[in-house]
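Student: Would you mind keeping the following structure in view while I ask a few things?
The values are calculated or read from the model by the stated rules, or taken from the named source; none is laboratory data. Quick caveat, the model's predicted, so the values are computed rather than measured. Note that each Cβ is placed from the backbone with ideal geometry, even for glycine, and that neighbours are counted across all protein chains shown.
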Amino acid sequence: MLEALKPQPQDKILQLIAMFREDQRADKIDLGVGVYKDPTGLTPVMRAVKAAERKLWETETTKTYTGLAGEPAYNAAMARLILAGSVPADRIASVATPGGTGAIRQALELIRMASPEAKVWLSNPTWPNHPSIIRYLGMPMAEYRYFDAASGGVDFAGMMADLARVAKGDVVLLHGCCHNPTGANLTAAEWAQVCDAMEARGAIPMIDLAYQGFGDGLEADAAATRMVAARFPEVLIAASCSKNFGIYRERTGVLIALSKDAGQKAITQGNLNFLNRQNYSFPPDHGARVVTMIVEDDALRADWMAELEEVRQNMLGLRQALADALRAETNSDRFDFVARHRGMFSRLGLTEAQVTRLREEHGIYMVGDSRINIAGLNARTVPVLARAVASIL
Ligand code: LMR
């Protein structure tokens, strides 16, 4: 049986982890996978997470199964964090999932169950795992223009022109904030226009919210999601706690499915529970429980928010420093967009050959499309990257 299997392509982002590890150069720089690193290069366990884990260890008396949809308190906490009351609770169905990827997978399976013909529209470019999972599930998909390589901003006219071709019942997948891989984001006014377009076409919005708190702040980063949630009868929201709680390996995510009314919500919830049962039964609990403890405790929540804000400010500082260094080294404003971008990533607009040269000649690792993880930089490596980029242009 197994000899019938064909080799699978490696994930381009995850592949970089191994390549970087094998590189023996002491001064190599990792700007690959989207993991936050502090100025010393460490991906720290956040203070509030440590404190919650300590408390959990002391107080947890059982590891018996929790709900099939996850612990209700976690689902409620995530709905509050993301939606902040923008939608009545009796419209919110949700399941805890293994990370944001688990939430995306469950959302896509829900779409396929409800409407196998629906096309899923993806931004061009998008996180490569989006098309990869959709292809694996055999679902129809299409692309809308998103990034303007020349300006490093959003190709809004192109995006709107493509959204005008969406068919009734198609799903439009949007990045709620901190677009991955480009770092270029819609303004609030543009979000409103995107909502108008989706409404006019009868489209169903799906939002991938993996970086809440990494862009303009915890509330600001959820504003677009809340706008969409308040306007549409049906919305799918796949959210991750990997980045904003720094609990990557704990696999903590949530899928929220907004339904038009309480009656539909009950059916949607039953289908989400069913999907959990088919795919992995009960979702992982540890990370979800830690998140719940933090969000529900005033002191822990305040400390978490303060540390998340430090993380965000560190990335903003690095963005400005890199934009300044690139301006000085290249004697041009070509890379000024780096300071305007938000979130962990910026796409620099280099060719694949230039990315390869940066890796081979300078030991600088980034994704092949020239996406860099801003948090992989520090005060010492910003000028190193700027000089290296200038040297290969
Ligand atoms: C990334 O885009 O680097 C992260 O979301 C990590 C991943 O799973 O790809």
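Student: Please verify whether S240 is away from the ligand (no atom under 16 Å from the Cβ), touching a helix residue (DSSP H, G or I) at 6+ places or on another chain (Cβ under 6 Å) and polar (S, T, N, Q), treating the condition exactly as stated.
Tutor: So S240 fails the test.
Student: Moving to a separate point now. Could you tell me how many of the residues in region 74-88 are of a type outside the set (S, T, N, Q) and within 17 Å of N273 (Cβ to Cβ)?
Tutor: 4
Student: Please pick out the residue among E58, E53, E71, E117 that is surrounded by fewer than 12 Cβ atoms within 10 Å (Cβ to Cβ), away from the ligand (no atom under 16 Å from the Cβ) and either farther than 28 Å from Y136 by Cα or β-branched (V, I, T) (or both).
Tutor: Unique residue meeting the criteria: E58.
Student: Being without any contact (Cβ under 8 Å) to a residue 60 or more places away in the chain and either surrounded by 18 or more Cβ atoms within 10 Å (Cβ to Cβ) or not assigned by TED's automatic domain parsing to the domain that holds A230 (or both): is that true of S123 here?
Tutor: yes
Student: Quick one: in region 354-375, which of the residues that are of a type outside the set (V, I, T) and surrounded by 22 or more Cβ atoms within 10 Å (Cβ to Cβ) is farthest from the ligand (Cβ to nearest atom)?
Tutor: The selected residue is L358.
Student: Tell me which of these L2 doesn't satisfy, since it passes every other one: (1) within 16 Å of the ligand (Cβ to nearest atom); (2) modelled with pLDDT of 95 or more.
Tutor: All conditions are met except number (1).
Student: Can I ask one more? Could you please give the count of residues in region 5-50 that are among the hydrophobic types (A, V, I, L, M, F, W, C), within 30 Å of I294 (Cβ to Cβ), more than 16 Å from the ligand (Cβ to nearest atom) and exposed (fewer than 14 other Cβ atoms within 10 Å of the Cβ)?
Tutor: Here the count works out to 2.
Student: Consider A93 carefully, then state whether it is within 30 Å of G138 (Cα to Cα), out of contact with any helix residue (DSSP H, G or I) (no Cβ under 9 Å at 6 or more places or on another chain) and of a type outside the set (V, I, T).
Tutor: Here the answer is no, as A93 does not meet what is asked.
Student: Name, by its number, the condition in (1) outside the structural domain of K243 (by TED's automatic domain parsing); (2) farther than 23 Å from C177 by Cβ that does not hold for L31.
Tutor: (2)
Student: From the residues in region 321-353 that are within 16 Å of the ligand (Cβ to nearest atom), outside any loop (DSSP other than H, G, I, E, B) and out of contact with any Leu (no Cβ under 9 Å at 6 or more places or on another chain), which one is nearest to G376 (Cα to Cα)?
Tutor: F345
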